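Notes for the one structure printed next.
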Amino acid sequence: MKLLKTAAAAAVVVALTASVTACGKDREDDKKDTAAGGSSAPPPPTYKVNSAADVKGSPVFEKIKGKTITIGTKADQPFLGFENPSDKKRSGFDVEIARMIAADLGFDEAHIKFKTVPSEAREIQIANGGVDLYVGTYTINDERKKQIDFGGPYYIAGQDLLVKKDSDIKGPDDIKGKTVCSATGATPLKRIKEAKYGAKEVKAQQGYQLCVQELISGTVDAVTTDDSILKGYAAQNKGALKVVEKPFSKEPYGVGLKKGDKALRDAVNNALEAHMKNGDWKKAYDATLGQSGAAAQEPPAVDRY
């Protein structure tokens, strides 16, 4: 969840730091255990801040240059978009994607403000300037493109199944006669109810964490939603749960931004391509979702529509 040469083309003059620096000392803390981390996890990358960054022609960048970038994300998805309740530190793959983009736009860690935004409020927050970018399991689709623009995709997710390590469920064809759990109102819940899957019972919970608890206790046989979210729970319960890795939908994750700001969209895409090319994308995955045991996919090509 979409060049170094093109990244340089997007960069020209803002001074949030006096020279090219790392994303900040706070990143050292991210190399330690996080809410979903674990001491065995490799550290996330450190991203060099482009102190000469400028995005000419971007109204959003003009407003925030030399100040702070506000990035919307999730706070309750382990290894993906998570806020540690004890120290308020953010971690996860989506958070790393946000940090690498911010660094290329000239913002060090001290000048990034993460804002938790629920799914139903994303378009409103982007359109009204409540956030400058949104990075949080945000599927690109034509309906959303009517209201906002997208950079990316930076990851291709797909609906999948989370099961116990010793489960005989290998894919969606194996849930016939089984009990499956998903979140109330979610697209995956609607999809798994289709007759072709043949689930004995589909349970709806207010959140995926509750579904995972039911899976661990044995009251359901599988949990279903985007594989990226499931990988986070597999990593959180390493050795006990696994993702079957047989996705049966396609969900391209993008970076949401204000509609019509082509200059910023191009700069975001330049940043994504640069970090995919230099290995940061893969390192970020390995430090986060990779802890589930699922190997990284090939980074997707960004869509410069």
- Message: How much length would be gained if the chain were fully extended between residue 168 and residue 278, taking 0.36 nm per residue of separation minus their Cα-Cα distance, in nm to one decimal?
- Response: 35.7 nm
- Phi to ³J(HN,Hα) by Karplus 6.51 cos²θ - 1.76 cosθ + 1.60 over the range 147-159, Hz, x for Gly, Pro: 10, 9, 10, 10, x, x, x, 10, 7, 10, 8, x, 4
- Whole-Hz Karplus couplings 3J(HN,Hα) for the range 124-140, θ = phi - 60° and coefficients 6.51, -1.76, 1.60, Gly and Pro as x, run 5, 5, 5, 5, 8, x, x, 9, 8, 9, 10, 10, x, 6, 9, 6, 6
- Sequence order, the range 221-230: Karplus ³J(HN,Hα) from phi using 6.51 cos²θ - 1.76 cosθ + 1.60, θ = phi - 60°, Hz rounded, Gly and Pro as x, gives 9, 7, 10, 10, 5, 4, 4, 4, 5, 5
- Message: Between [x] 44, 29, 15; [y] 34, 20, 20; [z] 34, 20, 16, which entry matches semi-axes √(5λ) of the Cα gyration tensor in Å as derived from the coordinates of this structure?
- Response: [z]
- Query: So for the range 90-220, Kirkwood radius off the Cα pairs, Stokes-Einstein at 37 °C and 0.692 mPa s: how many µm² s⁻¹?
  - Reply: 189 µm²/s
- For residue 165, which aspartates and glutamates qualify as cross-link partners when the Cα separation must be under 19 Å and same-chain residues fewer than eight apart are set aside? 173, 174, 214, 221, 226, 227, 245
- Message: Suppose only helical runs count, i.e. DSSP H with n ≥ 4. What mean residue ellipticity at 222 nm does that imply for the chain under -39500 (n - 2.57) per run, divided by all residues and rounded to the nearest 500 deg cm²/dmol?
- Response: -8000 deg cm²/dmol
- dims of the range 116-177, Cα set, principal axes, largest to smallest, nearest Å -> 48, 24, 22
- So which lysines pass the test for residue 145, namely a Cα distance under 19 Å, with those fewer than 8 places away in the same chain ruled out? 2, 250, 258, 259, 262
- At what distance in angstrom do the alpha carbon centres of the range 104-122 and the range 149-191 lie from each other? 28 Å
- How large is Rg over Rh for the range 148-305, taking Rg from the Cα atoms and Rh as the Kirkwood inverse mean of 1/r across Cα pairs? 1.03
- Message: In whole percent, and with a 1.4 Å probe on the protein chains, what portion of the accessible area of the chain is carbon and sulfur?
- Response: 51 percent
- Task: Before anything else, pin down the relative contact order of the range 124-201: Cα pairs under 8 Å, at least 6 apart, normalised by residue count, whole percent.
- Result: 20 percent
- Task: Please work out the average accessible area per residue across the range 148-305, using the 1.4 Å probe convention, and give it in Å².
- Result: 40 Å²
- Counting alpha carbon pairs within less than 8 Å and at least 6 residues apart, what relative contact order, in whole percent, applies to the range 133-273? 44 percent
- Query: Over the Cα atoms of the range 245-288, how large are the radius of gyration and the largest Cα-Cα distance (Dmax), in Å?
  - Reply: 13.5, 37
- Note on the structure: Filtered pair list for the range 185-239 (Lys only, Cα < 26 Å, 8 or more apart or interchain) has a length of 9
- Query: What is the ratio of the Cα radius of gyration of the range 91-144 to 2.2 N^0.38 Å, where N is its residue count, to two decimals?
  - Reply: 1.17
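The values are calculated or read from the model by the stated rules, or taken from the named source; none is laboratory data. From a predicted model like this one, the values you see are computed outputs, not experimental measurements. Each accessible area value is taken on the protein alone, full model and side chains, heavy atoms only, with ligands, DNA and RNA left out. Shrake-Rupley method; radii C 1.70, N 1.55, O 1.52, S 1.80 Å.
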